[in-house]
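Asker: Got a structure for you, written out below as structure tokens; questions coming shortly.
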Amino acid sequence: MSIRFLTAGESHGRGLVCIVEGVPANLEISAEHINRELERRQRGYGRGGRMKIEKDTVQIISGVRFGKTLGSPIALLIENKDWENWKEKMAVEGERPDFAVPFTRPRPGHADLAGGIKYNQRDLRNILERASARETACRVAVGAICKRFLEELGVFVGSYVVSIGPLEPPIEERDLIKRHYLAEQSEVRFPDPTKDELFRELIDKAKEMGESLGGVFEVFAVGVPPGLGSHVHWDRKLDGIIAQAMMSIQAIKGVEIGLGFMASKKFGSEVHDEIGYKEGEGYFRYSNNLGGLEGGITNGMPVVVRCAMKPIPTLTKPLRSVDLETKEEVRAGKERTDVVAVPAASVVGESALAYVLANAFLEKLGGDFMEEIKERYKIYLEHVKSF
């Protein structure tokens with residue numbers, strides 16, 4: 001048993017649609033809960049004008065009745081408020097109006113040119129509309145459902161920003177959950193709101209220069225038991241599945257688990273997490289350098305994932321490009337854009353991790369309704385403690 005989902009919709013189309021299959025019955029869920037997560041995705045200093053237009057809210061079309069899932073597919077709709085300004089340019093039927101000028105100047109770093117070549121589309125709007133990170137609104141909606149499922153099993157998923165551009169202040173707070181809640185108070189989701197002014201200055205400077213910024217964020221899950229994932233096949237290793245989910249988020253170019261690349265520079269004794277045992281509680285680790293995963297399997301420590309996001313490809317001072325029609329050198333096209341979207345990406349990262357972990361739990365426990373799954377989980381935790 002597993003959860004799977006499909007999304008559809010363009011950035012400036014009528015809206016985004018998602019169908020989610022495999023969510024167990026009797027899970028309490030509401031549009032309000034999903035909307036809270038959608039609102040978190042839209043925050044962040046350095047976001048562009050689109051966030052002033054779109055105030056994302058979800059409509060649950062099917063799969064939920066009286067506040068509980070039915071076990072049947074859940075259909076979600078997020079309307080694009082900007083559709084009114086684009087409905088003629090993005091019309092499903094009819095001829096292209098003259099004012100719908102083709103986008104023919106691909107942006108370096110975006111899917112524009114590669115996608116145009118792949119799908120034989122000389123108006124690159126037919127590529128960029130779907131390649132846009134606007135699609136992540138659907139993933140956050142799915143993630144909200146998965147997070148509710150994990151909450152019922154005692155798992156907390158959170159995130160925070162580590163750096164934006166070259167700015168990486170030290171993080172003093174060690175507790176992951178406290179870091180998350182401190183980040184919620186920050187304009188850039190950094191777990192020390194007193195550093196916000198430093199980040200604002202950097203982002204404002206980049207905006208003045210016509211630049212964009214990337215950064216690094218961490219996503220974590222606390223309360224994950226040992227035994228999720230498997231070592232027996234390459235495609236069942238949970239760390240590999242997590243890495244793929246994170247890399248599928250627009251603009252993510254690097255993923256680490258635990259110490260990641262830093263582990264390659266240390267002695268083995270400085271990396272591997274020593275094991276202890278407490279009567280009545282079971283095994284524990286003295287550290288969490290490996291980010292909660294060994295051999296593709298969770299080891300009972302928090303799962304910690306770090307993601308690197310490249311700067312956004314749309315620049316207000318565009319880079320060199322080539323016009324598809326004339327083949328002449330031009331400056332790349334421009335779209336409405338953010339200066340930095342690392343804070344938003346961290347929220348999308350939470351959804352990606354929640355989705356992977358929810359599936360890992362269902363693979364381990366099976367079950368079609370929440371009461372059944374929770375009873376099986378209780379038995380499994382007893383096994384873990386007594387092993």
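Asker: Grab the stretch 1-104 and count how many Lys pairs have their alpha-carbon atoms under 24 Å apart, sequence gap of 8 or more, or different chains.
Answerer: Eligible lysine pairs with Cα atoms under 24 Å apart amount to 7.
Asker: Rounded to two decimals, what is Rg over Rh for the stretch 253-333 when you use alpha-carbon atoms and the Kirkwood radius?
Answerer: 1.37
Asker: For the stretch 325-367, just list the percent of Cα-Cα distances falling in each 5 Å bin from zero outward, please.
Answerer: Each 5 Å bin holds this share of Cα pairs: 5, 15, 12, 11, 11, 10, 9, 9, 8, 5, 3, 2.
Asker: Something else: Could you run the Debye sum over the Cα atoms of the chain, one equal point scatterer each and no solvent, and tell me log10 of I(q)/I(0) at q = 0.07, 0.13 Å⁻¹, two decimals?
Answerer: Debye curve over Cα of the chain, log10 I(q)/I(0) at q = 0.07, 0.13 Å⁻¹: -0.35, -1.14.
Asker: Let me ask another. Ratio of the stretch 16-110's C-alpha Rg to 2.2 N^0.38 Å, to two decimals?
Answerer: 1.43
Asker: Taking R0 as 30 Å, what FRET efficiency do you get between Glu363 and Ile61 from their Cβ-Cβ distance, rounded to the nearest 0.05?
Answerer: Efficiency at R0 = 30 Å is approximately 0.65.
Asker: Could you check the spin-label model distance between Glu279 and Ser72? Points 7 Å from the Cα along Cα→Cβ, value in nm.
Answerer: If labels sit at Glu279 and Ser72, their model points lie 5.4 nm apart.
Asker: Could you tell me the accessible area of Glu37 in Å² (1.4 Å probe, neighbours in place), rounded to the nearest ten?
Answerer: Glu37 has an accessible surface of roughly 20 Å² with all protein chains in place.
Asker: Using a basic spin-label model with each label point 7 Å from the Cα along Cα→Cβ, how many nm lie between Arg336 and Asp196?
Answerer: 2.4
Asker: Let me ask something else. Using a Förster distance of 22 angstrom, determine the FRET efficiency expected from the C-beta separation of Arg174 and Tyr286, and round it to 0.05.
Answerer: Using R0 = 22 Å, I get an efficiency of 0.95.
Asker: Now for a different question. Using the Kirkwood formula over every pair of different C-alpha atoms, what hydrodynamic radius in Å results for the stretch 27-178? Walk me through the numbers on the way to the answer.
Answerer: Numbers: mean 1/r = 0.0529 Å⁻¹.
When all Cα pairs of the stretch 27-178 are included, the Kirkwood radius is 18.9 Å.
Asker: Sticking with this structure for a sec: Which value in Å does the Kirkwood hydrodynamic radius of the stretch 282-387 take, with 1/r averaged over all unlike C-alpha pairs and then inverted?
Answerer: 18.5
Asker: Using a 1.4 angstrom probe with every protein chain in place, what is the largest-first accessible-area order of Lys147, Lys118?
Answerer: My answer, sorted largest first, is Lys118, Lys147.
Asker: State in Å² the accessible area per residue of the stretch 261-387; use a 1.4 Å probe, count heavy atoms of protein chains only, and round to the nearest integer.
Answerer: 53
Asker: Hey, another quick one. What nm distance separates the two modelled labels at Glu371 and Val271, each placed 7 Å from Cα along Cα→Cβ?
Answerer: 4.8
Asker: Rounding to the nearest 20 debye, state how big the charge dipole of the stretch 233-337 is about its Cα centre with +1 on each Lys and Arg Cβ and -1 on each Asp and Glu Cβ.
Answerer: Values: 15 positive and 14 negative charges, 101 e Å.
Roughly 480 debye, rounded to the nearest 20.
Asker: At 222 nm, what value in deg cm²/dmol follows for the chain if DSSP H runs of at least 4 each add -39500 (n - 2.57) and the sum is divided by all its residues, to the nearest 500?
Answerer: Result for the chain: -10000 deg cm²/dmol, rounded to the nearest 500.
Asker: Something else now. Quick check: with the 1.4 Å probe, what order do Trp86, Trp234 take by accessible area, largest first?
Answerer: Trp234, Trp86
Asker: Hey, how many Å between the Cα centroid of the stretch 196-239 and the Cα centroid of the stretch 324-362?
Answerer: First find each Cα centre; the distance between them is then 12 Å.
Asker: Over the chain, with every protein chain in place, what whole percent of the accessible area is carbon and sulfur at 1.4 Å, could you tell me?
Answerer: 53
The values are calculated or read from the model by the stated rules, or taken from the named source; none is laboratory data. Since the model is a prediction, treat every value here as computed from it, not as a measurement. Note that each Cβ is placed from the backbone with ideal geometry, even for glycine, and that neighbours are counted across all protein chains shown. Protein only, heavy atoms only, side chains kept; ligands, DNA and RNA dropped before computing areas. Shrake-Rupley method; radii C 1.70, N 1.55, O 1.52, S 1.80 Å.
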